[in-house]
Amino acid sequence: MFVAYFDESGTHDAKSGVFTLACYVSSAARWEKFTADWNAALRAEGITEFHMADFENRVKQFAGWDDTKADRLIARLAQIINFRVALGISLSVFVEDYCNLMVPDDAPRNGTFGSPMFSVWRAVWNRFSSIATP
């Protein structure tokens with residue numbers, strides 16, 4: 001059985017202008033090993049969770065980190081992802097461009113089916129389904 005984890009970006013900040021949906025897929029057994037490896041990597045650096053926004057801005061648990069420490073952690077986490085995850089899918093759209101091309105002028109631009117979120121979700125799901133279906 002496959003298990004997929006999704007994350008989005010660009011919905012919390014109206015100024016972002018870009019919507020991204022990413023997905024990692026692997027077997028349930030590999031996710032168990034992933035979680036053990038991931039948590040061990042975090043513990044080794046004295047942190048309890050990883051949020052990329054906090055990491056990039058060196059806030060919260062990452063306050064005061066130098067580039068050497070940050071590079072070491074990100075390399076370790078990338079290694080875990082590359083070793084334990086079977087498939088990664090990501091898709092981004094410029095929201096304004098999407099709306100100008102795909103949403104009629106008289107349609108609401110924040111409705112479910114007219115939104116870039118729905119279209120991106122559908123595209124990522126279709127990609128996953130095409131790979132996961134024997």
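Which one is farthest from the chain's Cα centre (by Cα) among residues in the range 59-86 that are touching a residue at least 40 places away in the same chain (Cβ under 8 Å) and outside any helix (DSSP H, G or I)? My answer is Ala86. When residues in the range 1-54 are screened for being surrounded by fewer than 14 Cβ atoms within 10 Å (Cβ to Cβ), farther than 30 Å from Tyr98 by Cβ and hydrophobic (A, V, I, L, M, F, W, C), 6 of them pass. Restricting attention to the range 1-47 and to residues that are of a type outside the set (S, T, N, Q) and touching a Gly at 6+ places or on another chain (Cβ under 8 Å), the residue that is nearest to Ala78 (Cα to Cα) turns out to be Tyr24.
Suppose the filter is under 27 Å from Arg127 (Cα atoms) and at pLDDT 90 or above; does Phe2 pass it? No. Within the range 19-37, residues that are within 15 Å of Ala86 (Cβ to Cβ) and modelled with pLDDT under 95 have Cβ atoms under 8 Å from residues that are buried (at least 16 other Cβ atoms within 10 Å of the Cβ) and among the aromatic types (Phe, Trp, Tyr) in these pairs: Cys23/Phe128; Val25/Phe128; Ser26/Phe34, counting only partners at least 6 apart in sequence or on another chain.
The values are calculated or read from the model by the stated rules, or taken from the named source; none is laboratory data. Everything numeric here is computed off the predicted structure, so don't read it as measured data. Virtual Cβ from ideal backbone geometry, glycine too; neighbours counted across all protein chains shown.
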